[in-house]
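Enquirer: What follows is a structure written as structure tokens; I'll ask about it next.
The values are calculated or read from the model by the stated rules, or taken from the named source; none is laboratory data. In this text the structure is predicted, and so the values were computed from the model without any measurement. No Cβ is skipped: glycine too gets one built from the backbone with ideal geometry, and neighbour counts run over all protein chains shown. Heads up: the accessible areas ignore ligands, DNA and RNA and are worked out on the full protein's heavy atoms, side chains in. Shrake-Rupley method; radii C 1.70, N 1.55, O 1.52, S 1.80 Å.
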Amino acid sequence: SYLSNPSDFSQASHSSRGGIGLINTPTARFSDDGEFSLGVSVEAPYNRMFGKMQFFPWMEAVLKYTKGYNQPYIAWSEREAWTDKGIDVKFRLVKESENVPELALGLLDFGGTGAYSSEFIVATKRFKNVDLSLGLGWGTLGGVDNIGNPLGWFNDILSSINLGDTLGSGPNSEHGGGISLGSFFNDESVSIFGGIEYFTPVPD
């Protein structure tokens, strides 16, 4: 059948957040190296503009700007809608082979307000015309049906590393800011997410 050869496979589906994925969940798939795209998504009450760049075959980055019309930007002003700027990155850890799924690790919204902040590890495997994804999500991806955090030990390691000017457990924005790696993968519980994508046997 069509797509039976791995070299014929291509992944073009974007999530509503801008990166390669399914609706609101990421997959371990990536665009072609060097690909750049711009897009807009509308999921009431949020409107979003994004730019995605495939910097390397193993790294995807997304810059996004979100307008939320369910709350004001400033509590005492109704004229301006809530806004958020964010950065997402995704890294390929393992490339798919005949018996091994593609594996990726990602950080969502680690810049900006952190309103959509999340970390994830996801595996994706193709079976002919069907692409299956299964992952673990922290933060906003870990909001329901929780399980225990299997990477608590990893967060313990990250907690000892801080980049930039930090105070306590978070970045010190008063003095230029920084990144506290201890905030990644630190939830006590995570959620399992997944998705299925089907490619028709009709060639492009």
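Enquirer: Filter the range 108-124 for residues that are closer than 19 Å to residue 60 by Cα and either modelled with pLDDT of 90 or more or open to solvent by 60 Å² or more (accessible area, probe 1.4 Å) (or both) and give the result.
Expert: Across the range 108-124, the qualifying residues are 110, 112, 120, 121, 122, 123, 124.
Enquirer: Scan the range 13-57 residue by residue and report those that are outside any strand (DSSP E or B) and of a type in the set (D, E, K, R).
Expert: 17, 29, 32, 33, 35
Enquirer: Can you tell me which residue within the range 57-93, out of those that are among the acidic types (Asp, Glu) and at pLDDT below 90, is most open to solvent (accessible area, probe 1.4 Å)?
Expert: 78
Enquirer: Separate question: Here are the criteria: (1) modelled with pLDDT under 65; (2) part of a strand (DSSP E or B). Tell me which single one residue 157 does not satisfy.
Expert: (2) is the only condition that residue 157 fails.
Enquirer: Another one. Taking the range 14-56 as the region of interest, how many residues are within 17 Å of residue 92 (Cβ to Cβ) and surrounded by fewer than 17 Cβ atoms within 10 Å (Cβ to Cβ)?
Expert: 7
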